[in-house]
Every structure is written in structure tokens, then in C-alpha cells.
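Before any comments, here is the structure.
The values are calculated or read from the model by the stated rules, or taken from the named source; none is laboratory data. Note that this is a predicted model, so its numbers are computed, not measured. Note that we place each Cβ from the backbone using ideal geometry, even for glycine, and neighbour counts take in every protein chain shown. Heavy atoms of the whole protein, side chains included, go into the accessibility calculation; ligands, DNA and RNA do not. Shrake-Rupley method; radii C 1.70, N 1.55, O 1.52, S 1.80 Å.
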Amino acid sequence: QVQLVESGGGLVQAGDSLRLSCAASGRTFSRYLMSWFRQAPGKEREFVATITRFATLSYADSVKGRFTISRDNAKNTVYLQMNSLKPEDTAVYYCAAAQAAYHDPLIEYDYWGQGTQVTVSS
């Protein structure tokens, strides 16, 4: 069993930066593929970024060049550094864990966090 707890969300202005953290319980964190998703009001949840256990990275086109995902296996934590934030980045951000070696849009995630709100004002 893995529990995920996100933190770091908040209200910022366009152009600002935020760093989200997702702390995981359990001793097998390093084996998981970790991803960030987001869901804006009235919209479906969408993929944001992934980091595999091999540190392979994948990003949604909408955040490439602005967001960076990373992980610290010693701290059982995955991060999402968000720069040059835009109002359209406003959403609840969720981290998720999957027992998968490589990123695939069809991956089924085993664990989800409760989410953290990010609001970007114009």
C-alpha cells in the first residue's frame, strides 16, 4: 500500500513559479513510475508529466519547457517545478503512482493523492 500526499499549491500571479511536492509512504517508492495530472473546473483530468524509475521524463505539450518533474528516492518524494505559470494552468494537481517501467497513456495507476489546488491569476 502506498499513500501519496501532495503539497505546495497556492494562489500566484501569471509568470510566477511554484513547486509541488508529493510525499509517498512505503519502502518501494523507487520502483514506481510517478506522474502528475491536473483537473480544471468543468474539464477532464489531464496528464502533465511523468518520471519513470529509470528517470525517463515525459511531458504534456502544454507544459514542455515550463514544468520540470523530478524525484528524490531517498526522500520518497516527487516534485513538479512549475515556471512561467499561466491562468490556464489553474487546476487541482494530483500525483499518481504506477507499477510500470515505462510511460504509456494507457497505464492504469495504482495510487492517487488527494490533490493540491493551484490558482494562477492574470
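Is at least one residue of segment 1-12 within 20 Å of T119 (Cα to Cα), over 12 Å from the mean Cα position of the chain (by Cα), among the hydrophobic types (A, V, I, L, M, F, W, C) and part of a strand (DSSP E or B)? Yes, some residue in segment 1-12 is within 20 Å of T119 (Cα to Cα), over 12 Å from the mean Cα position of the chain (by Cα), among the hydrophobic types (A, V, I, L, M, F, W, C) and part of a strand (DSSP E or B). Any idea which residue in segment 34-54 is nearest to D110 (Cα to Cα), counting only those that are more than 11 Å from the chain's Cα centre (by Cα) and open to solvent by less than 60 Å² (accessible area, probe 1.4 Å)? Checking each candidate, the answer is T52. With the condition kept exactly as written, say whether any residue in segment 89-98 is open to solvent by less than 50 Å² (accessible area, probe 1.4 Å) and more than 20 Å from A23 (Cα to Cα). Yes, segment 89-98 contains at least one residue that is open to solvent by less than 50 Å² (accessible area, probe 1.4 Å) and more than 20 Å from A23 (Cα to Cα). Condition (residue is free of Cβ contacts under 8 Å to residues at least 24 places away in the same chain, open to solvent by less than 70 Å² (accessible area, probe 1.4 Å), not hydroxyl-bearing (S, T, Y) and not in a strand (DSSP E or B)) applied to segment 23-33: is it met by at least one residue? No, segment 23-33 contains no residue that is free of Cβ contacts under 8 Å to residues at least 24 places away in the same chain, open to solvent by less than 70 Å² (accessible area, probe 1.4 Å), not hydroxyl-bearing (S, T, Y) and not in a strand (DSSP E or B). Of the candidates S58, S17, the single residue that is surrounded by fewer than 18 Cβ atoms within 10 Å (Cβ to Cβ) and of a type in the set (G, A, S) is S17.
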